[in-house]
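K.L.:
Can you keep this structure in mind? I'll have questions shortly.
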Ligand code: BG6
């Protein structure tokens, strides 16, 4: 891999500490960083290189996936890290940063390949991108890339506006929009599952599949993020990005070869085929909820509107379930159900494919029906795939569902950020969100945002520790299904 300077804006922030340094360190241990590599952490405060390196060391000791027996690996790694103070609004500071980078490129024989990672509040994205351009930081003889965290806009208009700004400084193929769900190993595996298994490939359509259910449930509440979350809600925080990405990855149909362009264009096709919702129809296809008080794993917890920083009158959504139709030849008539929420009874992300069950009535034995075949893709916390089949119990002759389970050991699986940063360093954008995907997602979500804002559908309270409000079950019941 070519030498590179990795410039991290937001170097003293929480994400850097928890995810980015540990990811870079694990790539370092696995020999997956370029031979000549320098990390320049950029932040508002004054910090010496030594203090910066001490902070990184602490973050690695707390959050790194690998147990490091020999501390000397950490000592070697932190030598790759330098700190540079920068006020994001001050053009001069960017010019100073350029001097520092150029000096290091010379001293360490690093080519002019520069990665700019923005781990900062979204209101600074466009300002930083244009200052990078104005200061000459992005005028290189090598490659320049921008890695950017969500949220990418607050609605359709603001995302388009942001994209316009970013594209003044970077080309689309230089922008790596992170959706950390796309970095989860099981999500990356979806494409291989369908592709490398003719059995699944043959069944991946509306002739055989009755419905698809995608759930991301969390036990945590709003935590200390009320300022952001109370304006975002589950619809922006999870549905517009992570959940729709899972939907695209599940529903895409790949042609005969797999390339970044193919995968992205198939995902875009899925989004283009999503049946648009009118604002007035939202009430029939979307359930919104907010957690009330309850119990999580034996401990009492307060309701959302009692959380610090949340107004008692808040109508923010902490739960969303929705029914989605994909109007193309493969999926016509197959409902996709999406559900996500905070303060639910378990933390998991999984995709369940329920197959049609023509044998249900044929195979009857003392009123026993054959249960539907289910393919369950467990994304987290355990990665694995399981298949529910029917089998006769030799002891009593009854037909019973059995589960064939292929779970990965879960040990030493790389973290999403590791996979994503490695891909970005290599210039592979397959598992990053293309602008078109982001724009189409906002477009689909927009009427829902408006319906929520105008309060034209009920907000259902659900007890913390449950699986969400009952109308979410009704959403499937009216179609003859249930959440698995
Ligand atoms: C983030 C959201 O993008 O994803 C959080 O902002 C959420 O609110 C998190 O908790 C969930 O991610 P994961 O990987 O824990 O499922």
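K.L.:
Return only the number of the condition from (1) part of a loop (DSSP other than H, G, I, E, B); (2) more than 16 Å from the ligand (Cβ to nearest atom); (3) closer than 19 Å to residue 7 by Cβ that residue 432 does not satisfy.
P.N.:
Here residue 432 meets the rest and fails (2).
K.L.:
Do any helices (runs of 4 or more DSSP H) entirely within the stretch 71-147 hold 2 or more residues that are farther than 20 Å from residue 171 by Cβ and either touching a residue at least 12 places away in the same chain (Cβ under 8 Å) or within 31 Å of the chain's Cα centre (by Cα) (or both), and if so, which?
P.N.:
In the stretch 71-147, 72-78, 91-107 are the helices (runs of 4 or more DSSP H) which contain 2 or more residues that are farther than 20 Å from residue 171 by Cβ and either touching a residue at least 12 places away in the same chain (Cβ under 8 Å) or within 31 Å of the chain's Cα centre (by Cα) (or both).
K.L.:
Restricting to the stretch 331-368, count the residues that are assigned to a strand (DSSP E or B) and modelled with pLDDT under 95.
P.N.:
Qualifying residue count, the stretch 331-368: 2.
K.L.:
Under the condition of being away from the ligand (no atom under 12 Å from the Cβ) and closer than 18 Å to residue 383 by Cα, which residue from the stretch 206-222 is farthest from the chain's Cα centre (by Cα)? Steps first, answer last, please.
P.N.:
Our first condition is that a residue be away from the ligand (no atom under 12 Å from the Cβ); within the stretch 206-222, this holds for 206-214.
From what is left, the residues that are closer than 18 Å to residue 383 by Cα are 213-214.
Values: 213: 17, 214: 13 Å.
For the stretch 206-222, the residue satisfying everything is 213.
K.L.:
Within the stretch 242-262, is there a residue that is farther than 16 Å from residue 325 by Cα, within 16 Å of the ligand (Cβ to nearest atom), modelled with pLDDT of 90 or more and touching a strand residue (DSSP E or B) at 6+ places or on another chain (Cβ under 9 Å)?
P.N.:
Kept after step one, since they are farther than 16 Å from residue 325 by Cα, are these residues of the stretch 242-262: 242, 254-262.
From the residues that got through so far, the ones that are within 16 Å of the ligand (Cβ to nearest atom) too are 242.
Narrowing further to those that are modelled with pLDDT of 90 or more: 242.
Still in the list and also touching a strand residue (DSSP E or B) at 6+ places or on another chain (Cβ under 9 Å): 242.
Yes - at least one qualifying residue is present in the stretch 242-262.
Matching residues to (1) in a loop (DSSP other than H, G, I, E, B); (2) within 23 Å of the chain's Cα centre (by Cα); (3) modelled with pLDDT of 95 or more; (4) surrounded by fewer than 18 Cβ atoms within 10 Å (Cβ to Cβ):
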site: 25; (1), (2), (3), (4): no, yes, yes, no
site: 41; (1), (2), (3), (4): no, no, yes, no
site: 52; (1), (2), (3), (4): no, no, yes, no
site: 66; (1), (2), (3), (4): yes, yes, no, yes
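K.L.:
Turning to a different aspect of this structure: Tally up the residues in the stretch 451-463 that are under 21 Å from residue 247 (Cβ atoms) and either without any contact (Cβ under 8 Å) to a residue 24 or more places away in the chain or out of contact with any strand residue (DSSP E or B) (no Cβ under 8 Å at 6 or more places or on another chain) (or both), please.
P.N.:
So the count comes out to 0.
K.L.:
So residue 275 ticks every box in (1) within 16 Å of the ligand (Cβ to nearest atom); (2) surrounded by fewer than 15 Cβ atoms within 10 Å (Cβ to Cβ) but one. Which box is left unticked?
P.N.:
Unmet for residue 275, out of (1) within 16 Å of the ligand (Cβ to nearest atom); (2) surrounded by fewer than 15 Cβ atoms within 10 Å (Cβ to Cβ): (1).
K.L.:
State yes or no: is residue 328 buried (at least 19 other Cβ atoms within 10 Å of the Cβ) and not in a strand (DSSP E or B)? Even if it seems obvious, please write down each step before you answer.
P.N.:
Working: buried (at least 19 other Cβ atoms within 10 Å of the Cβ): no; not in a strand (DSSP E or B): yes.
So residue 328 fails the test.
K.L.:
Hey, another quick one. Anything in the stretch 387-409 that is under 22 Å from the mean Cα position of the chain (by Cα) and surrounded by 13 or more Cβ atoms within 10 Å (Cβ to Cβ)? List them, or say none.
P.N.:
408
K.L.:
Now a separate question. Is it fair to say residue 282 is free of Cβ contacts under 8 Å to residues at least 60 places away in the same chain, part of a helix (DSSP H, G or I), touching a helix residue (DSSP H, G or I) at 6+ places or on another chain (Cβ under 7 Å) and at negative phi? Walk me through it before giving the result.
P.N.:
On the way: free of Cβ contacts under 8 Å to residues at least 60 places away in the same chain: no; part of a helix (DSSP H, G or I): yes; touching a helix residue (DSSP H, G or I) at 6+ places or on another chain (Cβ under 7 Å): yes; at negative phi: yes.
Considered against the rule, which asks whether it is free of Cβ contacts under 8 Å to residues at least 60 places away in the same chain, part of a helix (DSSP H, G or I), touching a helix residue (DSSP H, G or I) at 6+ places or on another chain (Cβ under 7 Å) and at negative phi, residue 282 comes out as no.
K.L.:
Here's a check for you: in the stretch 410-422, which residue that is away from the ligand (no atom under 16 Å from the Cβ) and modelled with pLDDT under 85 is surrounded by the most Cβ atoms within 10 Å (Cβ to Cβ)? Outline the logic, then answer.
P.N.:
If we filter the stretch 410-422 for residues that are away from the ligand (no atom under 16 Å from the Cβ), which is where we start, we get 411-412, 422.
Subset that is modelled with pLDDT under 85: 411-412.
Details: 411: 5, 412: 8.
The residue in question is 412.
K.L.:
Give just the number: which of (1) away from the ligand (no atom under 16 Å from the Cβ); (2) assigned to a loop (DSSP other than H, G, I, E, B) does residue 287 not satisfy?
P.N.:
(2)
K.L.:
Moving to a separate point now. Run residue 167 past the list (1) closer than 16 Å to residue 437 by Cα; (2) crowded, with 20+ Cβ neighbours inside 10 Å; (3) over 20 Å from the mean Cα position of the chain (by Cα) and report the number of the one that doesn't hold.
P.N.:
The single condition residue 167 does not satisfy is (2).
Residue-by-condition table, conditions (1) within 16 Å of the ligand (Cβ to nearest atom); (2) at pLDDT below 95:
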{"position": "174", "(1), (2)": "no, no"}
{"position": "192", "(1), (2)": "no, yes"}
{"position": "204", "(1), (2)": "no, yes"}
{"position": "224", "(1), (2)": "yes, yes"}
{"position": "229", "(1), (2)": "yes, no"}
{"position": "264", "(1), (2)": "no, yes"}
{"position": "268", "(1), (2)": "no, no"}
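K.L.:
Out of curiosity, is residue 187 within 16 Å of the ligand (Cβ to nearest atom), under 28 Å from residue 149 (Cβ atoms) and in a loop (DSSP other than H, G, I, E, B)? Quick ask: steps written out before the conclusion?
P.N.:
Working: within 16 Å of the ligand (Cβ to nearest atom): yes; under 28 Å from residue 149 (Cβ atoms): yes; in a loop (DSSP other than H, G, I, E, B): no.
No.
The values are calculated or read from the model by the stated rules, or taken from the named source; none is laboratory data. Since this is a predicted model, take the numbers as computed values, not measurements. Ideal geometry is used to build each Cβ from the backbone, glycine not excepted, and the neighbour counts take in all protein chains shown.
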